[in-house]
Ligand SMILES: NC(=O)c1ccc[n+]([C@@H]2O[C@H](COP(=O)([O-])OP(=O)(O)OC[C@H]3O[C@@H](n4cnc5c(N)ncnc54)[C@H](OP(=O)(O)O)[C@@H]3O)[C@@H](O)[C@H]2O)c1
């Protein structure tokens, strides 16, 4: 299958490239090769390359940066998605678009399903939701994948920050009032491959590892697996004082993708163990 990945230098883009090669013919475009904000470039490239599938990994993902630069956030996360959707609608390519748990406000008391009404509380969440809406409206052949708390060996992520800080500090302060489901990028790439190559019914899918935790739990588990003795002090979101509000509870229910593909995503603890093993070969 001929597959174009936009935002291919990012964490998920690189993971997908590793996953899909060499079984598929991959065309990789990072921001220098294809800026998704440039509608005519996007249209021209998708027309010229004629991929069967476009996986849009391009995004402005720094949640606090988005709060300060809303226009730029919308230009990438919303209009960028629209540009790709318009090109796919013309060429007939299947569009797989990545979205986020941050489209929800976090007021739920049970995991969010695909039927729940989004209500983002940050610029990032609003811009990603706008991108989703463009995709749904413009290209009927679409798969929207919402994921959460993504980490992998090919990008800056929470676990690497914790491990790096633990090298120089005896004590770390980590938020304990946000609950979610961490998602290992390798597992997400495995699911996306199945969704786009089978292909699964069009629509929206929640994809995350199984089980829930707080950032504090996640940090404690990573430090324990790394054999570090660093103390982890639980703090509140207010104490951390970030620019963008975060949903307090953003657990995604992955039952729909599990039933559709006949798979079970592993527990986040098992995925984290696999990550800790793989990272040894990457971060020497
Ligand atoms: N990371 C998470 O925790 C998380 C959670 C839920 C959902 N998601 C979603 O999952 C997807 C992949 O995220 P990720 O973690 O792989 O993000 P990432 O590592 O930040 O990768 C995004 C890539 O997009 C590129 N990009 C930015 N602006 C672009 C533009 N105008 N045109 C083309 N490329 C552009 C970035 O390039 P530069 O680095 O040069 O800017 C980067 O290579 C995104 O849709 C994100 O919203 C992520």
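The values are calculated or read from the model by the stated rules, or taken from the named source; none is laboratory data. Please read all numbers here as calculations on a predicted model, not as lab measurements. Here the Cβ is made from the backbone with ideal geometry for all residues, glycine too, and neighbour counts use every protein chain on show.
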Quiz prompt | Filtered residue count, the stretch 142-175, keeping only those that are closer than 26 Å to residue 14 by Cβ and within 16 Å of the ligand (Cβ to nearest atom) | solution = 21
Quiz item: All but one of (1) surrounded by 15 or more Cβ atoms within 10 Å (Cβ to Cβ); (2) closer than 25 Å to residue 190 by Cα; (3) more than 7 Å from the ligand (Cβ to nearest atom) hold for residue 2; which doesn't?
Solution: (1)
Quiz prompt | Scan of the stretch 91-141 for residues that are within 19 Å of residue 237 (Cβ to Cβ), touching a helix residue (DSSP H, G or I) at 6+ places or on another chain (Cβ under 7 Å) and within 11 Å of the ligand (Cβ to nearest atom), ordered by number | solution = 100, 102, 103, 124, 125
Quiz item: Among the residues of the stretch 9-27, which ones are more than 7 Å from the ligand (Cβ to nearest atom), in a loop (DSSP other than H, G, I, E, B) and under 15 Å from residue 192 (Cβ atoms)?
Solution: 21, 23, 24
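From the list 52, 15, which one is over 25 Å from residue 126 (Cα atoms) and crowded, with 21+ Cβ neighbours inside 10 Å?
15
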Practice problem: Determine whether the stretch 239-250 contains at least one residue that is out of contact with any helix residue (DSSP H, G or I) (no Cβ under 9 Å at 6 or more places or on another chain), free of Cβ contacts under 8 Å to residues at least 60 places away in the same chain, in a helix (DSSP H, G or I) and more than 20 Å from residue 103 (Cβ to Cβ). | Solution: no
Quiz item: Would you call residue 73 under 24 Å from residue 8 (Cβ atoms), under 12 Å from the mean Cα position of the chain (by Cα) and either within 13 Å of the ligand (Cβ to nearest atom) or modelled with pLDDT under 95 (or both)?
Solution: no
Exercise. Quick one: residue 254 ticks every box in (1) within 23 Å of residue 170 (Cβ to Cβ); (2) surrounded by 13 or more Cβ atoms within 10 Å (Cβ to Cβ); (3) at pLDDT 95 or above except a single one, so which number is it?
Key: (1)
Quiz item: Is it the case that the stretch 186-198 has a residue that's outside any helix (DSSP H, G or I) and surrounded by fewer than 24 Cβ atoms within 10 Å (Cβ to Cβ)?
Solution: yes
Exercise. Go through (1) part of a loop (DSSP other than H, G, I, E, B); (2) out of contact with any helix residue (DSSP H, G or I) (no Cβ under 8 Å at 6 or more places or on another chain); (3) within 27 Å of residue 140 (Cα to Cα) and name the single condition residue 263 misses.
Key: (2)
Quiz item: If residue 41 satisfies every condition in (1) farther than 26 Å from residue 151 by Cβ; (2) touching a residue at least 24 places away in the same chain (Cβ under 8 Å); (3) surrounded by fewer than 20 Cβ atoms within 10 Å (Cβ to Cβ) but one, which is the exception?
Solution: (2)
Quiz prompt | Matching residues in the stretch 14-23 - criterion: being touching a residue at least 60 places away in the same chain (Cβ under 8 Å) and in contact with a strand residue (DSSP E or B) (Cβ under 7 Å, 6 or more places away or on another chain) | solution = 16, 20
Quiz prompt | Subset of the stretch 28-60 that is away from the ligand (no atom under 12 Å from the Cβ) and out of contact with any strand residue (DSSP E or B) (no Cβ under 8 Å at 6 or more places or on another chain) - its residue that is nearest to residue 99 (Cα to Cα) | solution = 43
